[in-house]
1. Considering every residue within region 94-107, establish whether at least one is open to solvent by 60 Å² or more (accessible area, probe 1.4 Å), more than 16 Å from Phe257 (Cα to Cα) and modelled with pLDDT of 95 or more.
2. Restricting attention to region 279-311, and to residues there that are over 24 Å from Thr146 (Cβ atoms) and open to solvent by 10 Å² or more (accessible area, probe 1.4 Å), which single residue is nearest to ligand 2 (Cβ to nearest atom)?
3. Just checking, how many residues over region 156-199 are farther than 10 Å from Ala129 by Cβ, among the basic types (Lys, Arg) and open to solvent by 50 Å² or more (accessible area, probe 1.4 Å)?
4. Which one of these is aliphatic (A, V, I, L, M) and touching a residue at least 40 places away in the same chain (Cβ under 8 Å): Val74, Val49, Val83, Val63?
5. Determine if region 130-145 includes at least one residue that is farther than 26 Å from His289 by Cα and open to solvent by less than 10 Å² (accessible area, probe 1.4 Å).
6. Tally up the residues in region 151-177 that are within 14 Å of Phe140 (Cα to Cα), free of Cβ contacts under 8 Å to residues at least 40 places away in the same chain and assigned to a helix (DSSP H, G or I), please.
7. Which pairs do you get when a residue that is farther than 19 Å from Cys307 by Cα, found in region 267-293, comes within reach of a residue that is away from ligand 2 (no atom under 16 Å from the Cβ) and of a type in the set (Ser, Thr, Tyr), reach meaning Cβ atoms under 9 angstrom, with the pair 6+ apart or on two chains?
Amino acid sequence: MPFTSKRRKTCPEKTSDFFESLPDDLLLSILCKLSATASSPSDFINVLVTCKRLNSLGLHSLVLSKASHKTFLVKPQNWCDSVHRFLKHCADAGNIEACYTLGMIRFYCLQNRGSGASLMAKAAMNSHAPALYSLAVIQFNGSGGTKNDKDLRAGVALCARAAFLGHVDALRELGHCLQDGYGVKQNVAEGRRFLLQANARELAAVLSTVGNKRPWVTWNLPVPHPRLRLGTGSGCPLLSDYGCNVPASETHPASKFLSEWFVIRSGSLGSGMRLCSHSGCGRPETRRHEFRRCSVCGVVNYCSRACQALDWKFRHKAECAPVERWLNDDGEDVAAGENGDGDDEIMANS
Ligand SMILES: [Zn+2]
Ligand SMILES: [Zn+2]
């Protein structure tokens, strides 16, 4: 049929003429929107491979600086050099989320501590709260170095900056540090205030994402806490400290990536090295016995007090049981079934 074949011939030409006449800045603004809202890397890549012009404009630093984690982050099983390169391009373009994500991946997954930490520092200098908090965890644990590299004061200072930006884990960590006098002068009342603030923010975060079908509030105690019964009657104080739990808020995509990475590459963890027992964390130890153990059972271990507090609330409380303990020949505290070379500290439940 000559008619259709003619149409087929002319149409693409017309479209391409029209496309060529579009100014670069208009295409750039469309591509920026796309990189910020794409639901997967393939959504973005499919546009890049359409033609040369979209390919070069799509890799413009303006577009890469706007890319969201859904655009630049793949599943750990699909990690490869080209994904790494793309993430690096985004970080180089000033994309703070990409700096933090690549920083975490390099530091923990690829064990490239120096460049990982400096990428996180770049994000932290731009007031990226998760980056500030992650650097605090590194300082508290002396991650990537030895036990003597722990810098509690630096950890507290970083935590305070992240807490100031409203980061819930940082607020919780800072609260515990103040309560215990860990890296900072002890101030129980102030610590308590930070813990309450963490709970309130956690609740606010959950309320803002309500709309899913799961029950978002569950009572913890068979009998309500006496302070609840004395309430003013204008609703309940929905704080976990008062016996009421809300589900865990969304974990950061970088933490999710780490968790999945170590699930599928369990061999990449050095021998004797453990993952933080809080499932939403994903941080592995960078040396043996880096993380502290639960003081009651000794079978779980955490990168931070914040992870311990969360895991206790959502999971560990139900399964924690005291284990027979004794001191070994070197006077170390050892739980039954452990091999006894542990020099890791224990962590009391709060
Ligand atoms: Zn953790
Ligand atoms: Zn325990």
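The values are calculated or read from the model by the stated rules, or taken from the named source; none is laboratory data. It should be emphasised that the depicted structure is a prediction, and the values quoted were computed from it without experimental measurement. Every residue, glycine among them, receives a Cβ derived from its backbone with ideal geometry; neighbour counts consider all protein chains shown. These area figures cover heavy atoms from the full protein model, side chains too; ligands, DNA and RNA do not enter into them. Shrake-Rupley method; radii C 1.70, N 1.55, O 1.52, S 1.80 Å.
1. Looking through region 94-107, none of the residues is open to solvent by 60 Å² or more (accessible area, probe 1.4 Å), more than 16 Å from Phe257 (Cα to Cα) and modelled with pLDDT of 95 or more.
2. Checking each candidate, the answer is Val296.
3. Result for region 156-199: 3.
4. Val83
5. First, the residues of region 130-145 that are farther than 26 Å from His289 by Cα: none.
Scanning region 130-145, I find no residue that is farther than 26 Å from His289 by Cα and open to solvent by less than 10 Å² (accessible area, probe 1.4 Å), so the answer is no.
6. Residues in region 151-177 being within 14 Å of Phe140 (Cα to Cα), free of Cβ contacts under 8 Å to residues at least 40 places away in the same chain and assigned to a helix (DSSP H, G or I): 10 in total.
7. Pairs that qualify, where the first residue is farther than 19 Å from Cys307 by Cα and the partner is away from ligand 2 (no atom under 16 Å from the Cβ) and of a type in the set (Ser, Thr, Tyr), are Gly270/Thr286.
Quick grid of which residues meet (1) more than 20 Å from the chain's Cα centre (by Cα); (2) open to solvent by 40 Å² or more (accessible area, probe 1.4 Å); (3) over 25 Å from Phe257 (Cβ atoms):
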| site | (1), (2), (3) |
| --- | --- |
| Glu20 | yes, yes, yes |
| Asp25 | yes, yes, yes |
| Leu28 | yes, no, yes |
| Thr50 | yes, yes, yes |
| Leu54 | yes, no, yes |
| Val63 | yes, no, no |
| His69 | no, yes, no |
| Asp81 | yes, yes, no |
